[in-house]
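Read the figures in this text as sums done on the coordinates, not as results from a lab. On a predicted model such as this, the values are computed, not experimentally measured, just so you know. Here Cβ is always computed from backbone atoms with ideal geometry, including for glycine, and neighbour counts include all displayed protein chains.
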Amino acid sequence: MERRNRSLKALEELKYIDSLDDQQRAKQLLVWSNSYMTESIVESFDLSLANLKELAELFYKNINFLKSYREEIKIQLDNKDKIKSFFQ
């Protein structure tokens with residue numbers, strides 16, 4: 001029962017994180033993954049099939065979000081470096 005409650009809590013937190021703006025979302029995804037993925041693996045989640053599908057959708061959606069967010073941040077840092085070198 002404890003494992004199921006923990007799994008449902010993780011799913012609910014991931015749903016909430018999905019609604020945040022980009023910067024907060026990225027930070028909270030890091031916190032979420034450290035909380036739920038460092039000591040256990042996805043297969044240890046005790047969810048119904050429908051909840052498991054929802055978790056999988058959110059999980060992969062957020063992986064793609066993090067990839068695109070990383071690229072956006074990289075571009076911003078590159079632009080910042082260009083401006084910085086221009087003024088020096």
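A few points about this structure:
- About its Cα centre, the dipole of the chain is roughly 240 debye, where the only charges are +1 on Lys and Arg Cβ and -1 on Asp and Glu Cβ.
- In the chain, the inverse of the mean reciprocal separation of distinct Cα atoms equals 14.7 Å; this is its Kirkwood hydrodynamic radius.
- Net charge, Asn5 excluded, C-beta distance under 15 Å - Lys, Arg +1, Asp, Glu -1: 0
- Potential lengthening of the chain between Lys82 and Asn5 amounts to 22.8 nm, from the contour at 0.36 nm per residue minus the alpha-carbon distance.
- Residue of Glu57, Glu39, Glu13 that the Gaussian network model of the chain assigns the largest fluctuation, springs spanning Cα pairs under 10 Å: Glu39
- Under 5 Å, built H, 5+ apart or other chain: amide partners of Met37: none
- In the chain, Cα pairs under 8 Å separated by at least six residues give a relative contact order of 37 percent.
- With a cut-off of 17 Å on the backbone N, the residues of the range 1-40 near the modelled label site 7 Å out from Ser48 along Cα-Cβ are 1, 4-12.
- Distance from the alpha carbon centroid of the range 63-88 to that of the range 36-60 works out to 32 angstrom.
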